[in-house]
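What follows is a set of notes on a single structure, which appears directly below.
The values are calculated or read from the model by the stated rules, or taken from the named source; none is laboratory data. Keep in mind that this is a model prediction, so the values were computed, not measured. Glycine also receives a Cβ, built like all others from the backbone with ideal geometry; neighbour counts cover every protein chain displayed. To get the accessible areas, we keep the full protein, side chains included, count just its heavy atoms, and leave off ligands, DNA and RNA. Shrake-Rupley method; radii C 1.70, N 1.55, O 1.52, S 1.80 Å.
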Amino acid sequence: MAHTNKHYLDLPGSYFFTEISQRVNTYKKTHPEKSIIRLSIGDVTRPLVPAVIKALHDATDEMGQPSSFHGYGPEHGYEFLIDEIIANDYTSRNVHIEADEIFVSDGTKCDIANIQELFDPSDTVAIIDPVYPVYIDSNVMSGRLGKLINGIWSKLIYLPCTIENNFIPELPTQHPDIIYLCYPNNPTGTVLSKDQLTIWVNYAKKERAIILFDAAYEAYITDPTIPHSIYEIDGAKEVAIEFRSFSKTAGFTGLRCAYTVIPKELKANTREGNEQYLNMMWNRRQTTKYNGCSYIVQKAASAIYTPEGRKQIQESIQYYMNNALIIQNAITQMGITAVGGINAPYVWIKTPDNLSSWDFFDLLLQNAGVVGTPGIGFGPHGEGYFRLTGFGSYEDTNKAIERIQKALLI
Ligand SMILES: *Cc1c(COP(=O)(O)O)cnc(C)c1O
(Lines give C-alpha, C1' and ligand atoms only; values in the text may rest on other atoms or scores of the structure.)
Protein backbone atom coordinates (compact mmCIF):
# COMPACT_ATOMS: atom_id res chain seq x y z
CA MET A 1 0.00 0.00 0.00
CA ALA A 2 1.35 3.36 -0.96
CA HIS A 3 0.51 6.27 1.31
CA THR A 4 -0.01 9.81 0.17
CA ASN A 5 1.67 12.94 1.45
CA LYS A 6 -0.89 14.04 4.05
CA HIS A 7 0.00 17.68 3.64
CA TYR A 8 -1.64 17.74 0.20
CA LEU A 9 -4.95 17.38 2.02
CA ASP A 10 -4.27 20.69 3.76
CA LEU A 11 -4.28 22.53 0.43
CA PRO A 12 -7.52 24.32 -0.29
CA GLY A 13 -9.06 23.60 -3.72
CA SER A 14 -8.08 25.97 -6.49
CA TYR A 15 -11.56 27.47 -6.58
CA PHE A 16 -10.42 31.00 -7.16
CA PHE A 17 -9.89 31.12 -10.92
CA THR A 18 -12.72 28.65 -11.49
CA GLU A 19 -15.01 31.03 -9.62
CA ILE A 20 -13.89 33.93 -11.84
CA SER A 21 -14.64 32.04 -15.05
CA GLN A 22 -17.98 30.83 -13.68
CA ARG A 23 -19.08 34.37 -12.90
CA VAL A 24 -17.93 35.56 -16.33
CA ASN A 25 -19.73 32.71 -18.08
CA THR A 26 -22.96 33.35 -16.21
CA TYR A 27 -22.79 37.01 -17.18
CA LYS A 28 -22.15 36.12 -20.84
CA LYS A 29 -25.19 33.83 -20.91
CA THR A 30 -27.49 36.44 -19.46
CA HIS A 31 -26.00 39.31 -21.52
CA PRO A 32 -25.06 37.73 -24.88
CA GLU A 33 -25.02 41.17 -26.55
CA LYS A 34 -22.30 42.58 -24.24
CA SER A 35 -18.59 42.36 -25.02
CA ILE A 36 -16.20 41.52 -22.23
CA ILE A 37 -12.73 42.99 -21.78
CA ARG A 38 -10.23 41.10 -19.65
CA LEU A 39 -7.79 43.22 -17.71
CA SER A 40 -7.20 40.26 -15.41
CA ILE A 41 -4.37 38.82 -17.54
CA GLY A 42 -1.28 37.76 -15.57
CA ASP A 43 0.54 36.60 -18.68
CA VAL A 44 2.31 38.38 -21.51
CA THR A 45 0.31 38.71 -24.72
CA ARG A 46 2.77 40.11 -27.24
CA PRO A 47 4.68 37.59 -29.40
CA LEU A 48 8.36 36.72 -29.04
CA VAL A 49 10.58 39.39 -30.56
CA PRO A 50 12.39 38.84 -33.92
CA ALA A 51 15.85 38.47 -32.32
CA VAL A 52 14.55 35.59 -30.20
CA ILE A 53 12.77 33.94 -33.14
CA LYS A 54 15.96 34.10 -35.21
CA ALA A 55 17.99 32.55 -32.39
CA LEU A 56 15.41 29.76 -32.07
CA HIS A 57 15.59 29.00 -35.81
CA ASP A 58 19.39 29.06 -35.87
CA ALA A 59 19.70 26.84 -32.80
CA THR A 60 17.16 24.41 -34.24
CA ASP A 61 19.25 24.11 -37.41
CA GLU A 62 22.36 23.47 -35.31
CA MET A 63 20.57 20.62 -33.56
CA GLY A 64 19.99 18.98 -36.95
CA GLN A 65 23.69 18.75 -37.87
CA PRO A 66 26.09 16.17 -36.44
CA SER A 67 28.80 18.83 -36.03
CA SER A 68 26.65 21.21 -33.98
CA PHE A 69 24.21 18.89 -32.24
CA HIS A 70 23.88 19.34 -28.45
CA GLY A 71 22.86 16.62 -26.00
CA TYR A 72 22.77 17.10 -22.24
CA GLY A 73 24.04 20.57 -21.44
CA PRO A 74 26.20 21.80 -18.57
CA GLU A 75 24.39 21.49 -15.24
CA HIS A 76 24.24 25.20 -14.38
CA GLY A 77 23.37 26.29 -17.92
CA TYR A 78 25.47 27.18 -20.97
CA GLU A 79 28.40 29.53 -20.49
CA PHE A 80 27.25 31.74 -23.40
CA LEU A 81 24.06 32.56 -21.47
CA ILE A 82 25.59 32.80 -17.99
CA ASP A 83 28.26 35.23 -19.27
CA GLU A 84 25.53 37.51 -20.66
CA ILE A 85 23.54 37.30 -17.42
CA ILE A 86 26.57 38.25 -15.33
CA ALA A 87 27.65 41.12 -17.60
CA ASN A 88 24.23 42.63 -18.23
CA ASP A 89 22.20 41.90 -15.11
CA TYR A 90 24.93 42.17 -12.45
CA THR A 91 28.29 43.66 -13.46
CA SER A 92 26.41 46.58 -15.05
CA ARG A 93 24.90 47.28 -11.62
CA ASN A 94 28.23 46.87 -9.78
CA VAL A 95 27.29 43.47 -8.40
CA HIS A 96 29.89 40.71 -8.50
CA ILE A 97 28.34 37.31 -9.25
CA GLU A 98 30.34 34.26 -10.36
CA ALA A 99 29.31 31.75 -13.00
CA ASP A 100 28.83 28.90 -10.53
CA GLU A 101 26.44 31.03 -8.48
CA ILE A 102 23.92 31.03 -11.33
CA PHE A 103 21.58 28.12 -12.03
CA VAL A 104 19.70 28.38 -15.33
CA SER A 105 16.35 26.60 -15.31
CA ASP A 106 13.02 26.39 -17.08
CA GLY A 107 11.14 28.67 -14.70
CA THR A 108 11.03 30.66 -11.51
CA LYS A 109 7.78 29.01 -10.47
CA CYS A 110 9.44 25.60 -10.17
CA ASP A 111 12.67 26.98 -8.67
CA ILE A 112 10.93 28.97 -5.96
CA ALA A 113 8.58 26.09 -5.21
CA ASN A 114 11.45 23.57 -5.11
CA ILE A 115 13.93 25.62 -3.10
CA GLN A 116 12.08 24.98 0.16
CA GLU A 117 13.31 21.36 -0.05
CA LEU A 118 16.68 22.64 1.17
CA PHE A 119 15.20 23.73 4.50
CA ASP A 120 14.08 21.87 7.58
CA PRO A 121 10.32 21.09 7.59
CA SER A 122 9.98 22.81 10.96
CA ASP A 123 11.57 26.10 9.86
CA THR A 124 9.27 29.09 10.28
CA VAL A 125 8.26 30.99 7.18
CA ALA A 126 7.32 34.65 6.71
CA ILE A 127 5.63 35.72 3.47
CA ILE A 128 4.48 39.14 2.30
CA ASP A 129 0.73 39.29 1.85
CA PRO A 130 -0.85 39.69 -0.71
CA VAL A 131 1.49 37.86 -3.10
CA TYR A 132 1.98 35.21 -5.81
CA PRO A 133 0.33 32.11 -4.22
CA VAL A 134 3.13 29.64 -5.09
CA TYR A 135 5.22 30.46 -1.99
CA ILE A 136 2.41 29.48 0.37
CA ASP A 137 1.21 26.40 -1.49
CA SER A 138 4.69 24.90 -1.90
CA ASN A 139 5.31 25.26 1.85
CA VAL A 140 1.92 23.75 2.66
CA MET A 141 2.89 20.68 0.62
CA SER A 142 5.85 20.11 2.92
CA GLY A 143 3.80 20.69 6.07
CA ARG A 144 5.51 23.89 7.14
CA LEU A 145 2.48 26.17 7.49
CA GLY A 146 0.15 24.19 9.75
CA LYS A 147 -3.58 24.29 9.16
CA LEU A 148 -5.82 26.73 7.34
CA ILE A 149 -8.17 28.21 9.93
CA ASN A 150 -10.62 30.88 8.73
CA GLY A 151 -8.40 31.61 5.74
CA ILE A 152 -5.21 31.96 7.85
CA TRP A 153 -2.34 29.42 7.96
CA SER A 154 -1.68 28.67 11.61
CA LYS A 155 2.15 28.60 11.43
CA LEU A 156 2.74 31.24 8.75
CA ILE A 157 4.05 34.68 9.65
CA TYR A 158 2.10 37.11 7.47
CA LEU A 159 3.83 40.32 6.42
CA PRO A 160 0.86 42.52 5.47
CA CYS A 161 1.24 45.09 2.70
CA THR A 162 -1.76 47.39 2.76
CA ILE A 163 -2.67 51.01 2.39
CA GLU A 164 -2.11 51.42 6.17
CA ASN A 165 1.63 50.76 5.86
CA ASN A 166 1.92 52.24 2.37
CA PHE A 167 2.52 48.69 1.07
CA ILE A 168 5.88 48.47 2.86
CA PRO A 169 6.07 45.30 4.95
CA GLU A 170 7.04 45.79 8.59
CA LEU A 171 9.60 43.55 10.28
CA PRO A 172 7.84 40.70 12.05
CA THR A 173 7.75 40.49 15.85
CA GLN A 174 8.20 36.71 15.71
CA HIS A 175 11.48 35.15 14.41
CA PRO A 176 11.29 33.74 10.86
CA ASP A 177 13.87 31.35 9.38
CA ILE A 178 12.82 31.96 5.78
CA ILE A 179 11.43 35.21 4.35
CA TYR A 180 9.74 35.51 0.94
CA LEU A 181 9.87 38.92 -0.74
CA CYS A 182 8.61 39.68 -4.26
CA TYR A 183 9.64 43.03 -5.78
CA PRO A 184 8.36 44.59 -7.98
CA ASN A 185 5.34 42.95 -6.43
CA ASN A 186 2.67 40.83 -8.00
CA PRO A 187 -0.19 41.78 -7.39
CA THR A 188 0.30 45.27 -5.90
CA GLY A 189 2.83 46.61 -8.44
CA THR A 190 4.73 48.27 -5.57
CA VAL A 191 8.52 48.28 -5.05
CA LEU A 192 10.99 48.64 -2.18
CA SER A 193 13.54 51.45 -2.19
CA LYS A 194 17.18 50.71 -1.51
CA ASP A 195 16.78 51.84 2.11
CA GLN A 196 13.68 49.72 2.64
CA LEU A 197 15.36 46.66 1.19
CA THR A 198 18.45 47.33 3.31
CA ILE A 199 16.28 47.09 6.44
CA TRP A 200 15.30 43.56 5.38
CA VAL A 201 18.84 42.48 4.55
CA ASN A 202 20.09 43.71 7.93
CA TYR A 203 17.17 42.08 9.69
CA ALA A 204 17.86 38.74 7.96
CA LYS A 205 21.50 38.97 9.03
CA LYS A 206 20.53 39.64 12.62
CA GLU A 207 17.97 36.81 12.67
CA ARG A 208 20.20 34.50 10.60
CA ALA A 209 17.27 34.10 8.26
CA ILE A 210 17.34 33.49 4.49
CA ILE A 211 15.53 35.86 2.12
CA LEU A 212 14.04 34.34 -1.02
CA PHE A 213 13.82 37.31 -3.38
CA ASP A 214 11.56 36.96 -6.42
CA ALA A 215 12.56 39.60 -8.97
CA ALA A 216 10.48 38.31 -11.90
CA TYR A 217 9.39 41.87 -12.77
CA GLU A 218 12.71 43.71 -12.39
CA ALA A 219 12.71 44.60 -16.12
CA TYR A 220 9.61 46.74 -15.54
CA ILE A 221 11.29 49.10 -13.08
CA THR A 222 11.31 52.66 -14.45
CA ASP A 223 12.46 54.57 -11.34
CA PRO A 224 16.28 54.62 -11.56
CA THR A 225 16.67 54.67 -7.75
CA ILE A 226 14.93 51.31 -7.25
CA PRO A 227 17.24 48.27 -6.92
CA HIS A 228 16.81 45.59 -9.60
CA SER A 229 18.68 42.99 -7.60
CA ILE A 230 18.77 42.37 -3.86
CA TYR A 231 22.57 42.03 -4.24
CA GLU A 232 22.74 45.79 -4.82
CA ILE A 233 22.36 45.92 -1.02
CA ASP A 234 25.57 45.48 0.97
CA GLY A 235 25.78 42.10 2.66
CA ALA A 236 22.84 40.59 0.76
CA LYS A 237 25.00 37.77 -0.60
CA GLU A 238 25.22 36.39 2.93
CA VAL A 239 21.44 36.19 3.32
CA ALA A 240 19.59 36.06 -0.01
CA ILE A 241 18.72 33.85 -2.94
CA GLU A 242 17.46 35.71 -6.01
CA PHE A 243 15.04 34.44 -8.66
CA ARG A 244 14.92 35.93 -12.16
CA SER A 245 12.77 34.87 -15.08
CA PHE A 246 12.71 35.56 -18.81
CA SER A 247 8.92 35.04 -18.70
CA LYS A 248 7.79 38.62 -18.12
CA THR A 249 11.10 40.19 -19.20
CA ALA A 250 11.04 38.77 -22.71
CA GLY A 251 7.70 37.03 -23.23
CA PHE A 252 9.07 33.55 -22.42
CA THR A 253 6.02 32.29 -20.48
CA GLY A 254 5.41 29.67 -23.17
CA LEU A 255 9.08 29.09 -24.04
CA ARG A 256 10.40 28.68 -20.44
CA CYS A 257 13.71 30.01 -19.15
CA ALA A 258 14.75 31.49 -15.81
CA TYR A 259 17.69 31.53 -13.44
CA THR A 260 18.32 31.41 -9.72
CA VAL A 261 21.31 32.98 -8.00
CA ILE A 262 22.72 31.32 -4.89
CA PRO A 263 25.89 33.04 -3.64
CA LYS A 264 28.66 30.69 -2.56
CA GLU A 265 28.95 32.26 0.90
CA LEU A 266 25.28 31.71 1.68
CA LYS A 267 24.95 29.30 4.61
CA ALA A 268 22.30 27.77 6.84
CA ASN A 269 22.73 25.46 9.82
CA THR A 270 21.66 21.90 10.39
CA ARG A 271 19.50 21.46 13.50
CA GLU A 272 22.72 20.23 15.19
CA GLY A 273 24.40 23.54 14.38
CA ASN A 274 26.66 22.52 11.48
CA GLU A 275 26.98 25.03 8.67
CA GLN A 276 25.88 24.00 5.20
CA TYR A 277 26.42 25.87 1.94
CA LEU A 278 23.13 26.34 0.10
CA ASN A 279 24.86 26.67 -3.29
CA MET A 280 26.31 23.16 -2.88
CA MET A 281 22.99 21.77 -1.71
CA TRP A 282 21.07 23.28 -4.64
CA ASN A 283 23.73 22.03 -7.03
CA ARG A 284 23.24 18.54 -5.62
CA ARG A 285 19.48 18.90 -5.86
CA GLN A 286 19.46 20.16 -9.44
CA THR A 287 21.98 17.64 -10.73
CA THR A 288 19.88 14.87 -9.20
CA LYS A 289 16.39 16.02 -10.13
CA TYR A 290 16.82 18.27 -13.16
CA ASN A 291 18.52 17.94 -16.53
CA GLY A 292 18.55 21.55 -17.64
CA CYS A 293 16.80 23.99 -19.87
CA SER A 294 17.12 23.13 -23.58
CA TYR A 295 20.02 24.41 -25.70
CA ILE A 296 17.58 26.03 -28.14
CA VAL A 297 15.82 27.96 -25.40
CA GLN A 298 19.07 29.09 -23.77
CA LYS A 299 20.20 30.38 -27.19
CA ALA A 300 16.91 32.25 -27.45
CA ALA A 301 17.41 33.73 -23.97
CA SER A 302 20.92 34.90 -24.80
CA ALA A 303 19.52 36.75 -27.85
CA ILE A 304 17.72 39.23 -25.59
CA TYR A 305 21.13 40.58 -24.50
CA THR A 306 22.11 41.58 -28.04
CA PRO A 307 21.56 45.28 -28.88
CA GLU A 308 18.61 44.51 -31.19
CA GLY A 309 17.13 41.93 -28.78
CA ARG A 310 17.35 44.38 -25.92
CA LYS A 311 15.66 47.13 -27.94
CA GLN A 312 12.89 44.80 -29.09
CA ILE A 313 11.99 43.50 -25.62
CA GLN A 314 12.05 47.06 -24.29
CA GLU A 315 9.36 47.96 -26.83
CA SER A 316 7.06 45.25 -25.49
CA ILE A 317 7.73 46.23 -21.88
CA GLN A 318 6.96 49.85 -22.71
CA TYR A 319 3.77 48.81 -24.47
CA TYR A 320 2.51 47.04 -21.31
CA MET A 321 3.71 49.83 -19.05
CA ASN A 322 1.92 52.43 -21.14
CA ASN A 323 -1.32 50.46 -20.62
CA ALA A 324 -0.63 50.17 -16.89
CA LEU A 325 -0.05 53.91 -16.64
CA ILE A 326 -3.30 54.64 -18.50
CA ILE A 327 -5.17 52.47 -15.98
CA GLN A 328 -3.38 53.96 -12.98
CA ASN A 329 -4.03 57.56 -14.08
CA ALA A 330 -7.67 57.00 -14.97
CA ILE A 331 -8.48 55.22 -11.68
CA THR A 332 -6.72 57.87 -9.62
CA GLN A 333 -8.54 60.64 -11.51
CA MET A 334 -11.82 59.06 -10.46
CA GLY A 335 -10.82 59.71 -6.86
CA ILE A 336 -10.08 56.03 -6.21
CA THR A 337 -6.79 55.03 -4.56
CA ALA A 338 -4.55 52.90 -6.75
CA VAL A 339 -0.87 51.95 -6.50
CA GLY A 340 1.50 50.23 -8.93
CA GLY A 341 1.62 50.79 -12.67
CA ILE A 342 4.95 52.65 -12.49
CA ASN A 343 7.53 49.91 -11.86
CA ALA A 344 5.34 46.89 -12.61
CA PRO A 345 2.54 46.08 -15.08
CA TYR A 346 0.02 45.76 -12.23
CA VAL A 347 -2.38 48.34 -10.82
CA TRP A 348 -3.72 47.60 -7.35
CA ILE A 349 -6.97 49.35 -6.58
CA LYS A 350 -8.54 50.01 -3.20
CA THR A 351 -12.18 49.14 -3.80
CA PRO A 352 -14.43 52.19 -3.42
CA ASP A 353 -16.97 52.32 -0.56
CA ASN A 354 -15.14 49.46 1.16
CA LEU A 355 -16.66 46.94 -1.21
CA SER A 356 -15.38 43.41 -0.82
CA SER A 357 -13.06 42.38 -3.64
CA TRP A 358 -15.70 39.99 -5.04
CA ASP A 359 -18.45 42.68 -4.88
CA PHE A 360 -16.21 45.06 -6.82
CA PHE A 361 -15.52 42.26 -9.31
CA ASP A 362 -19.28 41.85 -9.87
CA LEU A 363 -19.81 45.61 -10.12
CA LEU A 364 -17.18 46.01 -12.87
CA LEU A 365 -18.34 42.90 -14.69
CA GLN A 366 -22.02 43.84 -14.66
CA ASN A 367 -21.79 47.59 -15.18
CA ALA A 368 -18.69 47.82 -17.38
CA GLY A 369 -18.14 44.33 -18.84
CA VAL A 370 -14.57 44.46 -17.49
CA VAL A 371 -12.91 41.50 -15.78
CA GLY A 372 -10.19 42.01 -13.18
CA THR A 373 -8.90 39.91 -10.30
CA PRO A 374 -10.33 40.14 -6.77
CA GLY A 375 -7.52 40.88 -4.31
CA ILE A 376 -8.56 38.14 -1.92
CA GLY A 377 -7.13 35.60 -4.41
CA PHE A 378 -3.61 36.75 -3.43
CA GLY A 379 -4.01 36.37 0.32
CA PRO A 380 -6.11 37.61 3.25
CA HIS A 381 -4.68 41.16 3.10
CA GLY A 382 -5.80 41.40 -0.53
CA GLU A 383 -9.41 41.67 0.66
CA GLY A 384 -10.82 45.08 -0.22
CA TYR A 385 -8.47 45.40 -3.21
CA PHE A 386 -8.60 44.59 -6.89
CA ARG A 387 -5.94 43.97 -9.59
CA LEU A 388 -6.00 45.26 -13.17
CA THR A 389 -3.07 44.56 -15.49
CA GLY A 390 -1.33 46.25 -18.40
CA PHE A 391 -1.05 42.97 -20.33
CA GLY A 392 -4.16 43.66 -22.45
CA SER A 393 -4.02 45.45 -25.81
CA TYR A 394 -3.80 49.25 -25.97
CA GLU A 395 -7.25 49.39 -27.61
CA ASP A 396 -8.90 47.16 -25.00
CA THR A 397 -7.26 49.05 -22.16
CA ASN A 398 -8.65 52.37 -23.37
CA LYS A 399 -12.08 50.89 -24.04
CA ALA A 400 -12.15 49.29 -20.60
CA ILE A 401 -11.18 52.55 -18.91
CA GLU A 402 -13.95 54.43 -20.72
CA ARG A 403 -16.47 51.84 -19.57
CA ILE A 404 -15.18 51.84 -15.98
CA GLN A 405 -15.48 55.64 -15.88
CA LYS A 406 -19.09 55.45 -17.10
CA ALA A 407 -19.97 52.69 -14.70
CA LEU A 408 -18.45 54.23 -11.57
CA LEU A 409 -19.27 57.86 -12.13
CA ILE A 410 -23.04 57.44 -12.31
C1 LIG B 1 5.02 35.27 -13.58
C2 LIG B 1 5.76 35.17 -12.31
C3 LIG B 1 6.89 34.37 -12.19
C4 LIG B 1 7.46 33.66 -13.41
O5 LIG B 1 7.48 32.32 -13.29
P6 LIG B 1 8.05 31.43 -14.49
O7 LIG B 1 7.89 30.05 -13.97
O8 LIG B 1 9.48 31.80 -14.70
O9 LIG B 1 7.21 31.70 -15.70
C10 LIG B 1 7.56 34.32 -10.98
N11 LIG B 1 7.14 35.05 -9.93
C12 LIG B 1 6.07 35.85 -10.02
C13 LIG B 1 5.68 36.67 -8.85
C14 LIG B 1 5.33 35.92 -11.20
O15 LIG B 1 4.25 36.71 -11.27
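Under the condition of being of a type outside the set (D, E, K, R) and touching a residue at least 60 places away in the same chain (Cβ under 8 Å), which residue from the range 102-113 is farthest from the ligand (Cβ to nearest atom)? Even if it seems obvious, please write down each step before you answer.
Filtering the range 102-113 down to residues of a type outside the set (D, E, K, R) leaves 102-105, 107-108, 110, 112-113.
Still in the list and also touching a residue at least 60 places away in the same chain (Cβ under 8 Å): 102-105, 107-108, 112.
Values: Ile102: 15, Phe103: 13, Val104: 12, Ser105: 8, Gly107: 3, Thr108: 4, Ile112: 7 Å.
Among those that are of a type outside the set (D, E, K, R) and touching a residue at least 60 places away in the same chain (Cβ under 8 Å), it is Ile102.
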- Query: Does any residue in the range 245-264 that is near the ligand (Cβ under 9 Å from one of its atoms) come within less than 9 Å, Cβ to Cβ, of a residue that is open to solvent by 30 Å² or more (accessible area, probe 1.4 Å) and outside any loop (DSSP other than H, G, I, E, B) six or more places away or on a different chain, and which pairs are these?
  - Reply: Ser245/Lys109; Ser247/Lys109; Ala258/Lys109; Ala258/Cys110
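Being of a type in the set (A, V, I, L, M) and open to solvent by 70 Å² or more (accessible area, probe 1.4 Å) is the filter here, so list the residues in the range 6-38 that pass it. Steps first, please.
Filtering the range 6-38 down to residues of a type in the set (A, V, I, L, M) leaves 9, 11, 20, 24, 36-37.
Once the filter is applied, which keeps residues that are of a type in the set (A, V, I, L, M) and open to solvent by 70 Å² or more (accessible area, probe 1.4 Å), the range 6-38 yields only Leu9.
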- Checked the range 114-151 for anything open to solvent by 40 Å² or more (accessible area, probe 1.4 Å) and without any contact (Cβ under 8 Å) to a residue 24 or more places away in the chain; matches are Pro121, Ser122, Ile149, Asn150
- Message: Quick check on this structure: which one of Ile127, Ile136 is hydrophobic (A, V, I, L, M, F, W, C) and part of a helix (DSSP H, G or I)?
- Response: Ile136
- Considering residues of the range 228-244 that are part of a helix (DSSP H, G or I) and under 16 Å from Pro184 (Cβ atoms) only, the residue farthest from the ligand (Cβ to nearest atom): Glu232
- Task: Please state which of the following conditions Ser154 fails to meet, knowing it meets all the rest: (1) buried (at least 22 other Cβ atoms within 10 Å of the Cβ); (2) free of Cβ contacts under 8 Å to residues at least 24 places away in the same chain; (3) polar (S, T, N, Q).
- Result: (1)
- Hey, among the residues in the range 77-101 that are away from the ligand (no atom under 15 Å from the Cβ) and within 19 Å of Arg285 (Cα to Cα), which one's least open to solvent (accessible area, probe 1.4 Å)? Glu101
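Based on this model, can you work out whether Thr162 counts as within 16 Å of the ligand (Cβ to nearest atom), β-branched (Val, Ile, Thr) and farther than 20 Å from Asp10 by Cα?
On the way: within 16 Å of the ligand (Cβ to nearest atom): no; β-branched (Val, Ile, Thr): yes; farther than 20 Å from Asp10 by Cα: yes.
Spelling it out, it is not the case that Thr162 is within 16 Å of the ligand (Cβ to nearest atom), β-branched (Val, Ile, Thr) and farther than 20 Å from Asp10 by Cα.
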- Could you say which residue among Thr190, Thr270, Thr225 is farther than 15 Å from Arg93 by Cβ, more than 16 Å from the ligand (Cβ to nearest atom) and open to solvent by 10 Å² or more (accessible area, probe 1.4 Å)? Thr270
- Message: Based on this model, can you work out whether Thr288 counts as open to solvent by 80 Å² or more (accessible area, probe 1.4 Å), farther than 20 Å from Asn88 by Cα and away from the ligand (no atom under 16 Å from the Cβ)?
- Response: yes
- Item | Failed criterion for Glu207 (all others in (1) within 17 Å of the chain's Cα centre (by Cα); (2) acidic (Asp, Glu); (3) more than 16 Å from the ligand (Cβ to nearest atom) hold) | (1)
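Kindly indicate which of Ile327, Ile349 is crowded, with 22+ Cβ neighbours inside 10 Å and either without any contact (Cβ under 8 Å) to a residue 60 or more places away in the chain or over 25 Å from Leu39 (Cβ atoms) (or both).
Numbers: Ile327 fails: either without any contact (Cβ under 8 Å) to a residue 60 or more places away in the chain or over 25 Å from Leu39 (Cβ atoms) (or both).
Exactly one residue qualifies, and that residue is Ile349.
Report, by residue number, each residue of the range 129-160 that is over 16 Å from the mean Cα position of the chain (by Cα) and hydrophobic (A, V, I, L, M, F, W, C).
Within the range 129-160, the first condition is being over 16 Å from the mean Cα position of the chain (by Cα), and the residues that meet it are 139-160.
Correct list: Val140, Met141, Leu145, Leu148, Ile149, Ile152, Trp153, Leu156, Ile157, Leu159.
Please tell me if Ala300 is in a helix (DSSP H, G or I), under 19 Å from Gly375 (Cα atoms) and at pLDDT 95 or above. Step through it out loud before you land on a result.
Values: in a helix (DSSP H, G or I): yes; under 19 Å from Gly375 (Cα atoms): no; at pLDDT 95 or above: yes.
Taking the combined requirement at face value, the residue does not satisfy it.
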- Complete set of residues in the range 357-407 that are in a helix (DSSP H, G or I), in contact with a Ser or Thr (Cβ under 9 Å, 6 or more places away or on another chain) and within 22 Å of Thr18 (Cβ to Cβ): Ser357, Asp359, Phe360, Phe361, Leu363, Gly375, Ile376, Gly377, Phe378, Gly382
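Name every residue in the range 114-130 that is in contact with a helix residue (DSSP H, G or I) (Cβ under 6 Å, 6 or more places away or on another chain) and either closer than 22 Å to Pro184 by Cα or within 12 Å of the ligand (Cβ to nearest atom) (or both), in order of residue number. Talk me through it step by step, then tell me what you get.
Within the range 114-130, the first condition is being in contact with a helix residue (DSSP H, G or I) (Cβ under 6 Å, 6 or more places away or on another chain), and the residues that meet it are 116, 118, 125, 127, 129-130.
Passing the criteria: Gln116, Val125, Ile127, Asp129, Pro130.
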- Note on the structure: Taking the range 39-76 and keeping residues within 20 Å of Ser247 (Cα to Cα) and open to solvent by 70 Å² or more (accessible area, probe 1.4 Å) leaves Thr45, Arg46, Pro47, Pro50, Lys54, His57
